[in-house]
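Asker: Pasting a structure here, questions to come.
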Amino acid sequence: MHSHNVTSKLRTHPDFSIQTFPTSRRINMVSNSKSFFTHLPYDIRVIIYDYLEPAEAPPFHPGFSTPAFRLTCHQAQEEIDDKPKQQFAKFIADFEANIPDDIDLTCRPYDLHNITVTIPFSALHTAVGHGQQKNYVGWKEKYRNALHPLFALCFNTIRIHFGTEENKDAPDHETILDRGRVDVSMHTLMRGLVYKIERMNEIDYAKETAGGIDPNAIARPPEQGEITTQARARRICLSWDLRDSKSERDVVLNGKLYQSCNLGRQSYSAEAIARRQRAAEQSSADELSLAVNHDIDLVHYPRTVFYHVRDTQRLVGLMCIQSSRRWAACEEGFYLNEALNAQACTTEYVNCTGLGGHLVRGLATVQEEVFEREEREVEAALWAT
């Protein structure tokens with residue numbers, strides 16, 4: 001079947017005001033006292049309207065349902081389901097035609113909400129400076145420009161994975177200290193990515209409403225490496241694999257999840273702030289416990305979160321930042337810096353199996369004391385270099 005434009009016909013039709021249903025709702029084949037037609041999702045009714053002659057009316061009377069009519073409804077449902085897949089396939093084809101050859105895109109036809117982009121470590125450049133910028137990490141321009149279109153789409157998850165099968169361009173990782181430096185580089189990259197996305201969305205908000213941030217920021221040209229499009233993907237992940245032999249599905253990753261308490265920016269007394277923080281922490285802890293205990297995908301979680309998990313050898317790692325909203329431009333901020341810096345947050349031990357696995361509460365294959373001791377040792381060694 002082909003798509004139909006029935007806007008003008010629908011607006012004049014008496015059934016236009018009937019309550020509508022989301023297209024994801026499947027057709028209910030059970031006849032009852034109401035018309036089968038009125039139970040159909042809105043988009044299916046729109047398609048059926050286009051088949052009616054001007055003098056015909058939809059089958060509103062109770063109990064109406066014939067095999068031919070049901071077949072038409074099923075065909076309309078298939079057309080609705082296939083359309084986003086076709087649009088997504090076209091986007092992927094256009095995207096792949098304009099990216100470097102060493103970028104690999106992974107997505108599933110039945111899962112249009114999540115996408116993985118595999119790129120080589122050579123997509124990054126490092127520079128030696130001073131102070132906080134002594135180990136600067138940034139994107140090379142051609143890779144940054146290639147990834148911009150993805151951030152603008154409403155994915156639930158975009159995972160950028162570093163490491164090809166050969167890993168010819170992998171950074172030094174012979175020692176635990178070397179691997180710790182890779183962790184730090186990825187966190188630095190995530191921090192810069194989040195800051196730039198957040199600023200871009202705030203600037204867009206200021207353009208529309210003339211409020212919220214320094215108006216001079218609107219006129220400033222983007223810095224080199226700046227994200228130049230408003231982000232809509234809700235969860236953005238960075239992952240890496242330094243192993244010579246890849247078995248992504250089997251590796252166990254342990255780490256922590258930081259959940260922003262979303263305290264707001266009000267200037268209250270220290271006592272009021274502390275009281276509000278305790279209440280928020282308890283609420284956050286209860287929500288997080290419910291989420292991970294029931295293996296709920298955190299992509300649907302209502303709070304801003306950041307988590308970082310790794311294997312025991314620090315060869316495989318994953319860190320993700322997720323906005324409590326879909327990165328919508330807003331006045332109050334996203335509370336992402338709090339999560340990245342582990343400030344005004346609740347903290348939870350979590351683990352998962354494989355880079356695409358669901359988070360589970362607690363650590364696996366390692367005790368909390370051992371995990372914390374290893375973290376302190378690597379952190380001390382990094383500060384000493």
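The values are calculated or read from the model by the stated rules, or taken from the named source; none is laboratory data. As the structure is a computational prediction, the values presented were derived from the model and not from experiment. Here the Cβ positions follow ideal geometry from the backbone for every residue, glycine too, while neighbour counts run over all protein chains shown.
Asker: Would it be correct to say that Pro59 is modelled with pLDDT under 80, loosely packed, with under 13 Cβ neighbours inside 10 Å and assigned to a loop (DSSP other than H, G, I, E, B)?
Answerer: Working: modelled with pLDDT under 80: yes; loosely packed, with under 13 Cβ neighbours inside 10 Å: no; assigned to a loop (DSSP other than H, G, I, E, B): yes.
So Pro59 fails the test.
Asker: For the range 76-87, indicate whether the set of residues that are part of a strand (DSSP E or B), at pLDDT 80 or above and within 30 Å of Ala152 (Cβ to Cβ) is non-empty. Write out each step before concluding.
Answerer: Here is the first cut: in the range 76-87, the residues part of a strand (DSSP E or B) are none.
Scanning the range 76-87, I find no residue that is part of a strand (DSSP E or B), at pLDDT 80 or above and within 30 Å of Ala152 (Cβ to Cβ), so the answer is no.
Asker: Right, here's the next one. Looking at the range 92-108, which of its residues are farther than 25 Å from Asp241 by Cα and in contact (Cβ under 8 Å) with a residue 12 or more places away in the chain?
Answerer: The one that is farther than 25 Å from Asp241 by Cα and in contact (Cβ under 8 Å) with a residue 12 or more places away in the chain: Asn98.
Asker: How many of the residues making up the range 152-171 are more than 17 Å from the chain's Cα centre (by Cα) and of a type outside the set (A, V, I, L, M, F, W, C)?
Answerer: So the first thing to find is which residues in the range 152-171 are more than 17 Å from the chain's Cα centre (by Cα), and the list is 162-171.
Right, trim to of a type outside the set (A, V, I, L, M, F, W, C) and you get 163-169, 171.
Matching residues across the range 152-171 total 8.
Asker: Given the residues Glu374, Glu348, Glu369, which is the only one that is surrounded by fewer than 13 Cβ atoms within 10 Å (Cβ to Cβ) and of a type in the set (Asp, Glu)?
Answerer: Glu369
Asker: From Glu174, Glu198, grab the single residue that is modelled with pLDDT under 80 and either part of a helix (DSSP H, G or I) or not hydrophobic (A, V, I, L, M, F, W, C) (or both). Break it down stepwise before answering.
Answerer: Values: Glu174 fails: modelled with pLDDT under 80.
After applying the criteria, what remains is Glu198.
Asker: Quick test for you: out of Pro100, Pro84, pick the one residue that is closer than 27 Å to Leu355 by Cα and touching a Leu at 6+ places or on another chain (Cβ under 7 Å). Before the answer, list the steps.
Answerer: Values: Pro100 fails: touching a Leu at 6+ places or on another chain (Cβ under 7 Å).
That would be Pro84, the only listed residue that is closer than 27 Å to Leu355 by Cα and touching a Leu at 6+ places or on another chain (Cβ under 7 Å).
Asker: Please go through the range 231-245 and pick out each residue that is in a loop (DSSP other than H, G, I, E, B), touching a strand residue (DSSP E or B) at 6+ places or on another chain (Cβ under 9 Å), farther than 14 Å from Pro171 by Cβ and of a type in the set (D, E, K, R).
Answerer: Arg234
Asker: Would you be able to tell me the number of residues in the range 319-346 that are closer than 16 Å to Ala233 by Cβ and at pLDDT 70 or above?
Answerer: Let us first name the residues in the range 319-346 that are closer than 16 Å to Ala233 by Cβ, namely 319-329, 334, 336.
Those still in the list that are at pLDDT 70 or above too: 319-324.
Within the range 319-346, residues that are closer than 16 Å to Ala233 by Cβ and at pLDDT 70 or above number 6.
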